[in-house]
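To start, the structure itself, in structure tokens.
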Amino acid sequence: MNAHPARIGISFADGSPTVPADFSRMLTGLTTTVAEAFTSAGAQVHIIDAVSESPSIADFDAIVIMGGADVDPALYGAEPHATVRGYNRRVDDTEAALVRAAVAEGRPVFGICRGLQLINVALGGTLVQHLGDDGPHRDAVVPNSFSDHEVNLEPGSAVAEALGRTRVGIRSAHHQAADAIAPGLSVTARADDGVVEALEQASPWVLAVQWHPEAPGADPAQLTALVRAVLDEVSPTLGEPQN
């Protein structure tokens, strides 16, 4: 039986020229927090620079798609709304290919914020390009512009089982959301205004949340629980901390 630590590939657009420097620094910090959570749980982490790398799913037991800029609307057959910005088609194509390969190989996929949106698009869904300027959701155009609100989780869903509740307070920062849901995925959390907050699939295992459990000020137990849920889907020997 394979005995190496769980190999987790965490993808984000490191230093993408399409996003402002302060936004890139914020994403780097969030990605570091997620990487540290997986490392603390006994996993071996590789942070994928989706700007320049062409990763192979064979190198990973599970993948994580982080937050970032908007997804290119052309990927889901739409013209860009005036608010859509910063997308990098090279990043989108790299991450979409990684998601599809992971699903084809039966390897767990976890997404955060843009990660949820990219996973939905990669598997055949579409996005709401702009939620508007009112309401509980807002875009993180500068660091620390997170919004706090609550979401309702479907009883019995993977996200509800992981967090042990069916209503949780979260921190988010986004102006887009899942619209048409990709075949195979199910909506398992929504905000009070109906915006999709989590998508998942039982087999091959996929879980994505629209919020940022790794954000400063978020309940740290959420990230710990979601990391554990990912590792539990990897072979149990790989998910155990190594001595």
task: Read phi for every residue in region 78-91 and hand back ³J(HN,Hα) as whole Hz from Karplus 6.51 cos²θ - 1.76 cosθ + 1.60, θ = phi - 60°, with x for Gly and Pro.
output: 10, 7, x, 5, 4, 8, 6, 8, x, 6, 10, 4, 4, 5
Fewest-first sequence of Thr126, Thr31, Thr224 by Cβ atoms within 10 Å of each Cβ: Thr224, Thr126, Thr31
statement: Here the alpha-carbon Rg of the chain over 2.2 N^0.38 Å rounds to 0.92
Hz values of 3J(HN,Hα) by residue in region 194-210 - Karplus curve (6.51, -1.76, 1.60), Gly and Pro given as x: x, 5, 5, 10, 7, 10, 7, 8, 6, 8, x, 6, 9, 9, 9, 10, 7
- line: Hits in region 149-175: amide N under 11 Å from the 7 Å Cα→Cβ extension of Asp219, namely 150-151, 163-171
field: Fewest-first ranking of Glu95, Glu36, using other Cβ atoms within 10 Å as the exposure measure
entry: Glu36, Glu95
task: Describe numerically, in nm with one decimal, the distance between label points set 7 Å from Cα along Cα→Cβ at Asp49 and at Ser186.
output: 4.1
message: Quick check: convex hull of the Cα atoms in region 1-122, volume per residue, rounded to a whole Å³?
response: 93
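Just so you know, all these numbers are worked out from the coordinates, no wet-lab data involved. This is a predicted model, so every value here is computed, not measured. Every residue, glycine as well, gets a Cβ built from its backbone with ideal geometry; the counts of neighbours run over all protein chains shown.
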